[in-house]
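None of the figures in this text is laboratory data; all of them are computed from the coordinates on show. On a predicted model such as this, the values are computed, not experimentally measured, just so you know. Here the Cβ is made from the backbone with ideal geometry for all residues, glycine too, and neighbour counts use every protein chain on show.
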Amino acid sequence: MKIDMSIVFGLGLGFLILIGFYFFKKWNMRPVEWEHEDVARLLDSWIKGKVDYKTWDYFEASKIANPKLEVIRLQAIEATYLDSPYIESCGQPGEVLNEKGKELFKELRAQCIGAAI
């Protein structure tokens, strides 16, 4: 019985591609190092109503390596959903925190600064 080498080559190449994809995905999902000051600055931008949405998108999508900052990240994300009681519906693109939301973000910012100590 003779095995066609092109089939063996194709299967081997496919296997290597799958292994490469797996390791890339695993590498790409690693937690990100955020500094306390960077998280506090981003939360402050929400309080002031001048959010950098590119940075916010990255913040939302990236798990933070520091567990204390990760808890703060998750609380902030939860507070910014469209039907959240912390978001003011202004009829314009982009979200704005209401007074309750600003108070929450001030507390999160204080926790963030306290976590640095």
task: Only residues in region 70-88 that are more than 21 Å from Pro31 (Cα to Cα) count as the first member; pair them with residues that are of a type in the set (Phe, Trp, Tyr), Cβ under 7 angstrom, at least 6 apart or cross-chain, and list the lot.
output: Ala79/Tyr86
- prompt: Within region 52-90, can you find the residues that are surrounded by 13 or more Cβ atoms within 10 Å (Cβ to Cβ) and of a type in the set (Gly, Ala, Ser)?
  reply: Ser62, Ala76, Ala79, Ser84
query: Where in region 32-95 are the helices (runs of 4 or more DSSP H), entirely inside, with at least 2 residues that are basic (Lys, Arg)?
result: 36-48, 67-79
statement: Reported set for region 96-114 where residues are small (Gly, Ala, Ser) and in contact (Cβ under 8 Å) with a residue 12 or more places away in the chain is Gly101
task: Evaluate region 85-107: report whether one residue or more is of a type in the set (Lys, Arg) and farther than 15 Å from Glu37 by Cα.
output: yes
